[in-house]
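One structure follows; several queries about it will come next.
All of the numbers you see were taken from the coordinates with simple rules; none came from a lab. Note that the coordinates shown come from a computational prediction; the quantities given were computed from them, not determined experimentally. Backbone-built Cβ (ideal geometry, glycine too); neighbour counts: all protein chains shown.
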Amino acid sequence: MRQIQFEYENDASLKQELNRIDKWRLNKEVSCILFHVFSDALEPEKLRHICSLIEFTLPDALYAGCTTSGNVMNGNLNMHHITITCTVFEDPGSKVMVMQFPLTEDTEPQVTGTIADIVSRNPWIKAIELLVTIRGLSMTRFCDDLSVLPEDIKIFGGGAFADDLNEDTSFVFSSGSDCSEHSAVFVFMGGENLHIYNDWVTGWMPLGRKLKITKADHALLHELDNKPAYDIYYKYLNIANDENFFLHTLEFPFIYKHDGIDILRAPTACLTDGTLVMTADIEEGVEAYMTYGDPWNILERVSEAGKKLAGFEPQTIFLFSCAARRTFWGNDGSNRETSPFQDMAPTSGFYTSGEFLRNGKNLNQHNVTLVLTGLREGEPSGTVHNFKIKDHTLDGQASLVNRLANFVQAATEELEDTIDLLALYSITDGLTKLLNRTEIQHRITAANKKYSEDPGGVNAPSLIMLDIDDFKKVNDTYGHHEGDIVLKGLAELMRQVCNEKDGNISIGRWGGEEFMILIPELAKDDVTALAEEIRMSFEEMEFELSEKNTISVGVTTAIPGEHVDTFCGRVDSALYEAKKSGKNRTVIK
């Protein structure tokens, strides 16, 4: 496998390069030739002309391309508007096929269904490269539908873009198809001796407090923490909801868990009501953080990924990097994370509006991410590549931003720890460290309500109410310190016994020497057995001064449709009966 990269300057220089490739292939063993044409200028007529010259000079060659937010050639950001990469597959078994389909919300099911059919009929396919126009379209269903392909099919690629990040127009094009603003190009690659390696790098770090997505509808993010989603950008970053909103928020995406991995997601627009428009669906209830670019962490992550890719020994490398990364580094600095790959193998690619990569079974659309794809024909040769970031120093401004961000994050984490501790204190009894009366009552009410709404779905919740027999005598005879020891001893016993039985059991101090246990879903016989185990175990406990003590126990199970006060009143009545009938016993009602 070989790769030839060059800039488009004019027709004469293009024809010269194409003729050179044509002559070269006549003297070499070549199975197929694939051109990638990337342009950061929205000039469809010029792109059509370039493609026609490729078709005329090399009629058997295939091509695919798109408009971009910048082109990568020989590992660096290329300042010419149009770059062309020619990948020559030399192994006789290597195959390439290019197809393009109109892609809209309506055509998506048909397109992904056709791709699945193509893959099933062509077992040689090992990988699919995607070039897609994605602005204004949620890619969630597209990704989900392609995730049904056999798991060994690798999928990678990028979203078309424009040099002006506020521009909504972009194009894709390919062999046999025209430039299109609403299409997807699929480049199928395979063959027995073709090997493909994929990886991805983010490096962006959480900034500030955790946010909960409280209202969302597909790709529309309405509310964070029950407030308009836009507020987070205005309040903390002073970003206005104007024509530059997308550009200004691009470097501050959200991060959250999706399909088991961390996904970065940046909004593409903001509506007048504060709703953020995303490029993929986002689920309610998900917890997310705003993020920032940490220069050191980014370069460290790139270095780690580069060393792993070096072990694959690629013959060519394709990079699909988010436009936000170029914006973050600036034109002069963006090569820091891309140029080292050229020392390993010829490296090309483009800056995207979104990056695609299959992680395990699932195809995901990323933002602010660098996707790496290495290709190799045949087995590795054993050549050692020492991947190294050439310039790991940062200017004073980047260093200052990094330290300030670290300060903000450390302060936020300390504040969140304090808030968590205060929240715990607010629901905890100070002496026994069990739930307090308010919290255990709240949980009983919630469990009773859930059961009343769906009595056939789970076992009915049950309550165990306990009271230490003759506890006043313990305090009067041995003092309140001994009484506290007895209370804490019973609390620890209940924790141990209940945790062994079911981790979902809630235990609270009801008041004084009374305790309440909420068992969400155990069968009645198991609840009774649990109550008896606690009663008999406590009877065997021995304290230093008061020696042995006993408890009386009431047990009851919820009845569908009854009020929570009736539920709690019944267990209290059972406990009263246990006390009245001799103490140190369990009564079930």
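Answer with one residue from 211, 280, 253: the one whose Cα lies farthest towards the positive end of the charge dipole of the stretch 205-293, charges on Cβ with Lys, Arg +1 and Asp, Glu -1.
211
Going by how many other beta carbons lie within 10 Å of each one, how would you line up 272, 214, fewest first?
272, 214
To make sure I understand the rule: partners must be lysines, Cα under 16 Å from the Cα of residue 235, and not fewer than 8 residues away in the same chain. Which ones qualify?
Within the straight-line limit of under 16 Å, residue 235 reaches these lysines: 210, 227.
Can you list the GluC sites (Glu not before Pro) in the stretch 505-589 that are in a DSSP coil and have 10 or fewer other beta carbons within 10 angstrom?
542, 544
Quick one: net charge of residue 315's neighbours, Cβ under 11 Å, K/R +1, D/E -1?
Once positives and negatives cancel, what remains is -2.
Another one. Output ³J(HN,Hα) for the stretch 330-335: one whole-Hz value per residue in order, computed from phi by the Karplus curve 6.51 cos²θ - 1.76 cosθ + 1.60 with θ = phi - 60°, and x for Gly and Pro.
x, 4, 6, x, 5, 6
Expressed as an acute angle from 0 to 90° and rounded to the nearest 10, what is the orientation of the C-alpha long axis of helix 11-26 relative to the principal long axis of the chain?
Rounded to the nearest ten degrees, it is 90.
So what are the ³J(HN,Hα) numbers for the stretch 481-492, from phi and the Karplus equation (6.51, -1.76, 1.60; θ = phi - 60°), rounded to whole Hz, Gly and Pro as x?
In residue order, the calculated couplings are 4, 5, x, 4, 5, 5, 4, 5, x, 5, 4, 5 Hz.
Under the rule of at least 5 residues apart or a separate chain, name every residue whose amide H is placed under 5 Å from the amide H of residue 184.
For residue 184, whose amide H was placed from the backbone, the distant partners under 5 Å are 101, 103.
Here is a follow-up. Neighbouring Cβ atoms within 10 Å as the yardstick, rank 368, 286, 474, 497 fewest first.
In increasing order of surrounding Cβ atoms, one gets 286, 497, 474, 368.
To continue, here is another question. Using only the Cα atoms of the stretch 437-588, what do you get for the radius of gyration and for Dmax, in Å?
15.3, 50
If the only charges are +1 at each Lys and Arg Cβ and -1 at each Asp and Glu Cβ, what is the size of the charge dipole of the chain around the Cα centre, to the nearest 20 debye? Walk me through the intermediate numbers first.
Numbers: 54 positive and 90 negative charges, 108 e Å.
That gives a dipole near 520 debye.
Can you tell me what share of the DSSP beta bridges in the stretch 1-83 is antiparallel? A percent to the nearest 5 is fine. Spell out each step's value before the answer.
Details: 6 of 12 bridges.
Of those bridges, close to 50 percent are antiparallel.
Under a point spin-label approximation (7 Å from Cα along Cα-to-Cβ), what is the residue 210-residue 104 distance to one decimal in nm?
According to this spin-label approximation, the distance is 4.3 nm.
Could you pull out the GluC sites (Glu not before Pro) across the stretch 436-512 that fall in loop regions by DSSP (anything but H, G, I, E, B) with no more than 16 other Cβ atoms inside 10 Å?
Details: sites: 439, 453, 482, 492, 500; in loops: none.
Answer in residue order: no site qualifies.
Sequence-distant or interchain residues sharing an amide H contact under 5 Å with residue 551, placed H: which?
469, 584
Among 555, 13, 240, which residue has its Cα positioned farthest towards the positive end of the charge dipole of the chain, with +1 placed on the Cβ of Lys and Arg, -1 on the Cβ of Asp and Glu, and the dipole taken about the Cα centre?
13
Sticking with this structure for a sec: What does the charge count near residue 447 come to, summing +1 for each Lys or Arg and -1 for each Asp or Glu among other residues with Cβ under 12 Å from its Cβ?
Overall, the nearby charge balance is 0.
Here is a follow-up. Give me P(r) over the stretch 205-293, computed from all C-alpha to C-alpha distances, binned every 10 Å, as integer percentages.
18, 59, 22, 1
Further question: Which angle from 0 to 90°, rounded to the nearest 10, does the C-alpha axis of helix 524-540 make with the longest principal axis of the chain?
It works out to around 60 degrees.
To continue, here is another question. Rounded to the nearest 0.05, what FRET efficiency do residue 243 and residue 297 give with R0 = 30 Å and r taken as the Cβ-Cβ distance? Could you check?
The value I calculate is 0.45.
Just to check I understand the Karplus step: with θ = phi - 60° and J = 6.51 cos²θ - 1.76 cosθ + 1.60, what whole-Hz values come out for the stretch 217-222, glycine and proline as x?
9, 6, 8, 9, 9, 7
State to the nearest 20 debye the size of the charge dipole of the stretch 479-562 about its Cα centre, where the only charges are +1 on K and R beta carbons and -1 on D and E beta carbons.
With only Lys, Arg, Asp and Glu charged at Cβ, the dipole is about 220 debye.
Enumerate the amide H contacts of residue 292 below 5 Å, restricted to partners 5 or more residues apart or on another chain; note that Pro and chain-start residues carry no placed amide H.
It is 205, 207, by chain and number.
I've got another one for you. Can you tell me the 0 to 90 degree angle between the C-alpha axis of helix 396-426 and the longest principal axis of the chain, rounded to 10?
20
For the chain, report the convex hull volume of the alpha-carbon atoms normalised per residue, in Å³, without decimals.
Details: hull volume 122.4 nm³, N = 589.
Roughly 208 Å³ of hull volume per residue.
Would you mind telling me the antiparallel percentage of the DSSP bridges in the chain, rounded to 5?
85
What lysines sit close enough to residue 95 to cross-link, taking a C-alpha to C-alpha distance under 22 Å and skipping anything fewer than 8 places away on the same chain?
Candidates past the 8-residue exclusion: 23, 28, 126, 154.
In which sequence would 143, 322, 32 go, from the one with the fewest C-beta neighbours within 10 Å to the one with the most?
Ordered from fewest to most neighbouring Cβ atoms within 10 Å, 143, 322, 32 come out as 32, 143, 322.
First select every other residue whose beta carbon is under 15 angstrom from the beta carbon of residue 3; then total the charges, Lys and Arg +1, Asp and Glu -1. The partial results should precede the final answer.
Numbers: positive: 2, 20, 25, 28, 376; negative: 7, 17, 90, 91, 129, 313, 343, 377.
My count for the surroundings of residue 3 gives -3.
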